[in-house]
Amino acid sequence: MNLIEIPAAKLNPKEFIKEKVKEISDTVGDGSAITALSGGVDSSVVTLLGHRALGDGLKAYFIDNGLMRQDEPEGVARIFRKFGIHVEILDAREAFFAALKGIHDPEEKREAITQTFYKTVFSPLFKNSGTRYLLQGTILTDVEETVAGVKRQHNVLQQLGIDPQQAFGYGVIEPLVQIRKDGVRKVAKALGLPESVYKRMPFPGPALAARVVGEASPERIALVRKATAIVERELQNVKAFQCMAILHEDRFAGMKEGKREFGMQIEVRCWKSVDARTATPAWLPPRLQEKLARRITTGIPGVVSVTYNITPKPPSTMEAV
Ligand code: XMP
């Protein structure tokens, strides 16, 4: 599939919205569609486009996969209530942790998450509701990185030759597939989404599982969730494109309260970027680095080491896994 990019500088958000609303309503006709919100800007934009096109014919879900950040499901439901959209929270934590059990390889983890989303969780939703389409917020960068083999982004199917209708029993509509994150933000603002959404840092589809090196068990996810909350809070004034905490598998000799502790390590990343294609680390002031290390090692039992990634993308990627 040859996708023609619409660069953010050339994007007319009002025209784009009009066009996409028409496309969605032409495709779905008088049927209905499903959208899965994650709280990020891409799925938020797609949900509002779908709502404008289909009204109550759009059913919005938040899939609680157990891998999301603190207090995420309730926060998302609250924002969309203001737009007259009811978000149903679907508890799928068991299914995701069962699928991730014992998996260490990054691409296998991504595949397990893709299959759990599309097959285990969505397929029955479609079967039981008679709905034929899933609206999703895949953007151009997701497609490019997947096709180039850098990383299998969880939401790329058709561009890999997977026919969702055949594989899962429903069609997929991707209104944002010609634009990148900077373009999505322009559209989000034009749709009236709050600044907290359109300026929000990106968060990957595989969620915190992309930030745990090795097995994404409930315990390890809980630990990286705590570290993420600390990092996002402490770095909120840095104006980064994205910042994150990563849990490593290696153990390190440390000491807490005068005693040896063979503990865990958290890596902090904080990126400057425009569209996620390339990125450079933000050079954090030493005092802030010091504070981060203190907050993480004192706030999270078992963590004795905090590092900061100084590598640009490429050769690094932004997420660890
Ligand atoms: P990487 O790690 O590939 O990330 O440099 C580039 C941007 O994409 C986000 N990301 C994802 N987004 N599904 C998504 O929707 C995914 O599987 C995925 N993996 C990475 C990442 O957070 C960054 O903003």
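Remarks
- Count - residues of segment 14-43 that are within 16 Å of the ligand (Cβ to nearest atom) and either part of a helix (DSSP H, G or I) or surrounded by fewer than 16 Cβ atoms within 10 Å (Cβ to Cβ) (or both): 3
- Per-region count, segment 154-198, residues away from the ligand (no atom under 14 Å from the Cβ) and touching a Lys or Arg at 6+ places or on another chain (Cβ under 7 Å): 7
- Among the residues of segment 160-177, just one is in contact with a helix residue (DSSP H, G or I) (Cβ under 7 Å, 6 or more places away or on another chain) and over 26 Å from Leu54 (Cα atoms), namely Leu160.
- Being surrounded by 15 or more Cβ atoms within 10 Å (Cβ to Cβ), out of contact with any strand residue (DSSP E or B) (no Cβ under 6 Å at 6 or more places or on another chain), in the same structural domain as Pro194 (by TED's automatic domain parsing) and not in a helix (DSSP H, G or I) holds for only one residue in Phe62, Phe117, Phe83, Phe96, and it is Phe83.
- Any hit, segment 103-110, residues being modelled with pLDDT under 95, more than 14 Å from the ligand (Cβ to nearest atom), out of contact with any Leu (no Cβ under 7 Å at 6 or more places or on another chain) and not in a helix (DSSP H, G or I): no
- Phe126 being in contact (Cβ under 8 Å) with a residue 60 or more places away in the chain, within 23 Å of Phe203 (Cβ to Cβ) and part of a helix (DSSP H, G or I): no
- If the condition is being surrounded by fewer than 20 Cβ atoms within 10 Å (Cβ to Cβ) and away from the ligand (no atom under 14 Å from the Cβ), then segment 132-153 contributes only Arg132.
The values are calculated or read from the model by the stated rules, or taken from the named source; none is laboratory data. All values reported here derive from a predicted model rather than from experimental measurement. Using ideal geometry, Cβ is built from the backbone for each residue, glycine included, and neighbour counts are taken over all protein chains shown.
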